[in-house]
1. Pairs of lysine in segment 42-264 with Cα under 27 Å and at least 8 positions apart or on different chains: total?
2. Using Cα pairs under 8 angstrom and six or more residues apart, how large is the relative contact order of segment 42-264, in percent?
3. Please work out the FRET efficiency for the pair GLU271 and GLU236, using the Cβ-Cβ distance as r and a Förster radius of 22 Å; give the result to the nearest 0.05.
4. Which length gain, in nm to one decimal place, applies between ALA145 and ILE11 when the Cα-Cα distance is subtracted from 0.36 nm times their residue separation?
5. Which log10 I(q)/I(0) values does the chain give at q = 0.13 Å⁻¹ under the Debye formula, counting every alpha carbon as one identical point scatterer?
6. How big is the antiparallel share of DSSP beta bridges in the chain, given as a percent to the nearest 5?
7. Go through segment 227-244 residue by residue and turn each phi into a ³J(HN,Hα) via Karplus (6.51, -1.76, 1.60, θ = phi - 60°); whole Hz please, and just put x for glycine and proline.
8. Rounded to the nearest Å, what's the spacing between the alpha carbon centres of segment 98-135 and segment 283-353? Just the number, please.
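The values are calculated or read from the model by the stated rules, or taken from the named source; none is laboratory data. Note that the structure is predicted; figures quoted are calculated from it, not measured. Glycine gets a Cβ as well: all are built from the backbone with ideal geometry, and neighbour counts include every protein chain shown. For accessibility, only protein heavy atoms count, side chains too; no ligands or nucleic acids. Shrake-Rupley method; radii C 1.70, N 1.55, O 1.52, S 1.80 Å.
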Amino acid sequence: MIEQADHINSIPAYKPGRSSVEGWDGPVYKLSSNENPYPPLPTIVDAAARAAAHMQRYPNMAAPEFRAALAARLGVTDDEIVLGGGSVESAAQIVRAFAGYGDEVIFAWRSFEAYPLLVKSVQATAVDVPLTSTEHHDLPAMLAAITPRTKVIFVCTPNNPTGTVVDHEELREFIRQVPSNVLVVVDEAYTHFVNDTKAARGLDIYREFENVCVLHTFSKAYGLAGLRLGYTIAREDVRAGIVKTAMPFAVSDVATAAGVAALEVESQLQERVDLLVSERDRVEAELALMGWNVPPSQANFFWIAAGDETDKVQEHLLGHGIIARPFSGSGIRVSIGMPEANDAVLAALRTYRENL
Ligand SMILES: *Cc1c(COP(=O)(O)O)cnc(C)c1O
């Protein structure tokens, strides 16, 4: 029997979302991973296919064409963009580079499930600061949690899984009080879905504060989850650390070619994002009328704060062919899908309440 290292043994195994439903022969909607329900546009598929024709080669890790296109889009220099195999890998690069044994990494909780795993796997201490009663980041409590051992703070906005955003001015006020040797990572995986003008704008925060970097991904708005493409926007000191801890060749030429093509059709992709946003706002309004406790979401999913009822609601959704993402005792995250899927969710949540 091969024993895991002690610090790994204490990490619970990751449970991937389900993808089938027993005992239901109607349509099944997989709304458990915040994927974009639209298939990729043809030009993106073509670009990926062309790149796939030379897959006997290792990728060009510098990905100059993609980084240049992205830098132009964001108004930063090419050097400020460091790629990752999905922004989960970017987050892992950061944790590995800046936190070691005994160091502390602060994040809100509940937030992105990857944070505690990444932190514990480098033997650093995960300092999880509970969300407020409205499911928002508790920035004063996160400030109070800073110690001389704090190395990194993750701010996830919109927050996965609750969908809530951090206010821009409140985030500025927060970072002003964070020691300048602590790296603040603004994880903006869902930034394209934000329509609240007061929400934090990571890039502006990055430009204002030297100890900030920003994570973005092509998995959600750009619909490339299966290709693994994300990046950090960072200055030279942070970049120098994370290039050392990046997994070599984690980002394929297929992914970066698709990324270039996606940036070329970004306005078309944004139209789909806008449809998802209007669906989100529609679903949320209907759920509020039914009496569900759903905090205001700025992402492509919403959170049912079901508390002790979570398992029951989850069973009910499964019984209607809806695969969501439950967190037992806490709540359920449901991704926004095509209108038909969202209607199915609304219908199921309506019958749940009617049968109470
Ligand atoms: C989905 C997600 C990511 C990015 O995932 P990748 O597919 O690895 O790019 C990062 N942060 C949060 C909070 C997410 O929900």
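1. Lysine pairs meeting both conditions in segment 42-264 amount to 6.
2. The value is 31 percent.
3. With a Förster radius of 22 Å, E is 0.05.
4. 46.0 nm
5. -1.08
6. If we restrict to bridges inside the chain, about 45 percent are antiparallel.
7. Couplings: 9, 6, 9, x, 7, 10, 9, 8, 7, 4, 5, 6, 4, 4, x, 6, 5, 6 Hz.
8. Taking the Cα centre of each part, segment 98-135 and segment 283-353 sit 26 Å apart.
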